Each structure stands twice: as C-alpha cells, then as structure tokens.
1. Using +1 at the Cβ of each Lys and Arg and -1 at the Cβ of each Asp and Glu in the chain, identify which of SER230, SER243, LEU182 lies farthest towards the dipole's positive end.
2. Using R₀ = 56 Å, calculate the FRET efficiency as 1/(1 + (r/R₀)^6) where r is the Cβ-Cβ separation of ASN77 and GLU272; round to 0.05.
3. Which of (i) 33.6, 140; (ii) 29.6, 97; (iii) 24.5, 80 is the computed Rg and Dmax of the Cα atoms in Å for the structure on display?
4. Taking N as the number of residues in region 86-233, what is its Cα Rg relative to 2.2 N^0.38 Å?
5. Taking region 3-454, how many lysine pairs are there with alpha carbons less than 20 Å apart, if each pair must be eight or more places apart or span two chains?
6. Provide the net charge surrounding PRO339, with neighbours chosen by a C-beta distance below 10 Å and charges set as Lys +1, Arg +1, Asp -1, Glu -1.
7. Can you give the charge dipole size of the chain about its Cα centre, rounded to the nearest 20 debye, using +1 on the beta carbon of Lys and Arg and -1 on the beta carbon of Asp and Glu?
8. Taking the Cα centre of each part, how many Å lie between region 33-102 and region 194-210?
Amino acid sequence: MKLTNILRTLVVTATLAGATTSYAQTLHSGYFLESMVQRHEMNAAFGGEANYIMLPGLGGLQMGIHTNFGLSNYVFNRNGEMVTGFSSQVTAQEFIGQLPEMQRLGIDIDIPVLSVGFRGMGGFNTIVIKERNDINLAIPSSLMAFIKTGNNTSNGAIYDIDNLGLQVNAIGELALGHSRKLDALEGFSYGAKVKLLVGLARASVQIDHIGLSLTSDSWQATSTGSAQFSQGIDMVYENGEFSSIKFGNYNIGGWGLGFDLGAVYTPAALPELTVSVGVNDLGFIKWNNMSNAVAGGTFEYNGFENIASDDAPLEEQLDVILEDVKELINLQEAPAISPTYQLKTTLNVGAEYAILGRKISFGLLSSTRFAGQYTYAEGMAVVNFRPLTWLHVALNGSYSTYGGALGTLVNICPNGFNIFFGCDYFAPTMTFNNQMVPVNTVNANFRVGIAFPFGKKG
C-alpha cells in the first residue's frame, strides 16, 4: 500500500468510525446556556434543567476541522498555469517564506451513541456512551525547506527537522456523572464523572529529530523517533525496513480510565456573576501489543528526486515526496510494545455576567487541551440571548491556536424536545475553490441534534 494511501486510509478509517457510532466536546458556544443538555460534557458540575434522553443517531453529530495552512500555501499561479511550490518557477523564498513554522491539521468527530440525564441521589446524574476520534498532523516547515532546496545546496549544508508527527485515535467511552449543590456554601455546585474507556484504534508516527549534513556526494542523516499501530493495523517490512501497512484481524486495542471534575459558583452577594472551572479527561489508556518501529542511527541518504517536474500533477508529486520521507525517517522493525498514555486533559475556565433577569448575559471562556505538540488553546467571548423561554441564542468570537473565528448557536427548547444547531468556528477569511477545497486556513466545526427533556424543570 503506497504511503499516500496509508495516510488516506488512516484518516478515512477514523472519520468513518466516528460517523458510524473526537478533541470533540459539545459546542463551546453552549457553555453558558443552561438549556443545552450536553453542556455537562464541558464541566461536570453543570446539572440539567430537567431530565433528558438523547437517542442513537439523534444525539448531535459534531465534526470540526482546523488547519493553519491551506491550498494557497502550496499552489501558485504562473502565467495562468497552476504549479506547486516545488516547481522551479517558484523561488524558495516565495514558497518557504510564507509557510507557518509548524503546519498543523486537526480533525475531530464526536457522536454520542446514547446520553441520559436524570435527577436522583441528591443531585443530577448523567450516563453517556460515545466514541471519540481525533486526527492530528504536524509538519515542520524545515522539512519543506529541505525538499525544496536540499538538492541545490553546497557541500557542508546542514538541516535540522524536528517534531514531524501523525496521530490517529479512536476511543469508546462509557461516562457516569453526578453533580450536586454544596449546602455549606450557597451558590456552589460541584460534580465528577468516571469514564470507562475502550481503545478501538490508534496509529502514531512521531519523528522527534532528523539531522542532515551534506558531504561531497551524499547526505549523512540521523533520525530519532518511532511509530506504533494498534492491533489489526499491521506494519509490513522489506529487509527490516518499514514499507507499508495492511489491515489484519481486528482486536480491541486497549483499556483505560478517566475522570472529569468541575465546580460552579454564583456568589450570593453578586448573583449576576457565575464563575466555573472544569477539568476533563484526567486519566490514562493502556494499549496492548502495538506493532512498533524505531528510527535511529546514522545512514546515507540520496535526497529527494523528481519532485519539481512542472508537468507532474500534485498527487504524483505527493506520492514521490511521501516515499522519500519514508526513506528519510528510516523506521526499523522493533518488538511489539504495550504502552500506557496519559489522556489529553482539557481545562475549561469560564465567567458569565447576566443582566435583565438573565435575558442577556456575557461570557468569557478559556479552553486548553494539553496534548504535547498537539496542544490546543482557545479564548472565546460569548453574548447569550434568551428572548423567550423556548428560544436561546449564543453569538461568539474566538481566537485559538488556529487563528480567529466567529460562531453561533441556536437552541429551540420548548417542553418535550430540544433542537440545537450551530458552530463555534467559522473563519471570516476562509475561502474555497470550485472543488470546495479550502484555499487558505480552515477553522470550522458544526453540530446539530435533538434531545427529549422530560419531567419538571428545577
């Protein structure tokens, strides 16, 4: 299987896995709307206004894609013809100079299989079954610089390429939550969840460092890093070197345990103000018998060849690049491992101030997901409108690791059902070509769903 097909397969597999059953949580735009039944996913202390149930297929598809680069970073117009940045018609400064230092891509998908909330045991209880999928890619601009200029440099040239990575995760989750008020402190609520996790699939390629130095007739290369694939994704080797992957017999990949903690406080002396903090996904997951390959040592590398042909289509150039990158990272067969990983913990901190009897409120939300080189940080300002008891609207503006965006959420919530739709992110500068491929950076998500509240609101 070609390396380009490997990448496509990994992305499509994770995407379809989520679509058939994710850093995906419920929309951040709904953090301050008490009528959003799923907001306990962002803060375990949030209880529901009423009991509710969300059924399979209706619980709210959420998908997001975030990048800090786009097609315009790689395709250039030369005399009416479109050529790639690797073309001889594009200078190194034109191409490399406008790339982000680290190009990032993130895809998140979240669809609850079942979500139930009900009062009891002195508080509010939740049961959620879902699959979480996330895909992250990191490409340093130094790799592009080597591909573009490496074959044209003089003796003694040195390149350092750090933190090239691809990570795909699919995890099943059963979460049991409970929140309640603290009688000893008026206005204070707290909550917690315990999550039983099932590792469905994982693929990880992490190349920490590639060092290259040019001698008289070849490159001397060193690489450090590793690659792991969960059971059912088998690595194929030729002469001890990684060649491709194939899909074998599937087995559950691993097991884990996680916790969410949350607190909310509305001081009696200032009831218009509410402050909150939620910490999600404290815990671990252990993967069993992952196939393993290790990059290491010094070797001779012949460099990239036949990339800059102006007549070659983009996909063909990509095939050549990925095959050459595979040789560059120099993965060697190693014994299977059973690693334990820390979950990607998320910290949400919010503050809301209400006026006009909560008809309007203003909120600030900071959200940070700690995930090593894939760490994501976001600040969001939200204006919430509650013109009718059954109609709530949130408008937001945010700035994150992937740039600025605007968003909105509409929640229609009369007695008996709750329909919501909206997006947290839609970058005003985002544009598409005729094939609907993003031309520049992408920062967008959406969610739509329906829940069925029952019982009296409290």
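Coordinate-derived values only; no laboratory data. The structure presented is a predicted model; accordingly, all values stated were derived computationally and were not measured. We place every Cβ from the backbone using ideal geometry, glycine too, and count neighbours over all the protein chains shown.
1. The Cα lying farthest towards the positive end belongs to LEU182.
2. Step by step, r from the Cβ atoms, then E = 0.55.
3. Only one option fits the structure, namely (iii).
4. Compared with the compact-globule rule of thumb, region 86-233 sits at 1.67.
5. Lysine pairs meeting the criterion: 12.
6. +2
7. 2280 debye
8. Their Cα centres are 20 Å away from one another.
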